[in-house]
Amino acid sequence: MSLSDDLYRETILDHYHHPRNRGKIDEPGVTIEGVNPLCGDELTLYMNVENGSIQDLKIEAKGCSISMASGSMMSEAVHGQPLEKVEQVVDLFKQMMLDKASKVEMPEDLEDLQALEGVKKYPVRIKCALLPWNTLLEGIHQSAADKNGKGITGKIVES
């Protein structure tokens, strides 16, 4: 095991034991549930989008350390960001997780996400890492569809 493997493991465990942006927003513009019934990961993402940016984002989750750490890292990476940048970060993360042929380097401000790249060694766990990100994407799409401003509630089920 290399020093970088140890650092990556520490990063994942830190986000698992001390998750960022945990909780619930009192009046969210979007509430999306993400569920992976095969492994038991569940999360509810609460989000407010204003002026084309994620103004607030909270997550309530239960599941494995990979899913919970990924959700925590995701929330840090996108909180306060314009939706255009958020979608670029999601695409980059998904490319890193799904591209077996090449190594994707994360920009310096997203280097913590690189810790999850080791999950690729365990293909069955990739869905655990992707669940928060796919739930976020659904939340962004639902937010764009909310023309009357009354809030959106939805659910995605990964299998």
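The values are calculated or read from the model by the stated rules, or taken from the named source; none is laboratory data. Everything quoted here is computed from the prediction, not taken from an experiment. No Cβ is skipped: glycine too gets one built from the backbone with ideal geometry, and neighbour counts run over all protein chains shown.
Out of the helices (runs of 4 or more DSSP H) lying entirely within segment 1-111, which hold 3 or more residues that are modelled with pLDDT of 90 or more and within 16 Å of H141 (Cα to Cα)?
Values: elements: 3-17, 65-78, 83-98.
By residue number, 83-98.
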- Query: Of the residues that make up segment 102-113, is at least one in contact (Cβ under 8 Å) with a residue 12 or more places away in the chain and crowded, with 20+ Cβ neighbours inside 10 Å?
  - Reply: yes
- Message: Report every pair of residues separated by at least 6 positions or lying on different chains whose Cβ atoms are under 7 Å apart, first residue within segment 73-90 and at positive phi, second crowded, with 16+ Cβ neighbours inside 10 Å.
- Response: G80/S53; G80/I54
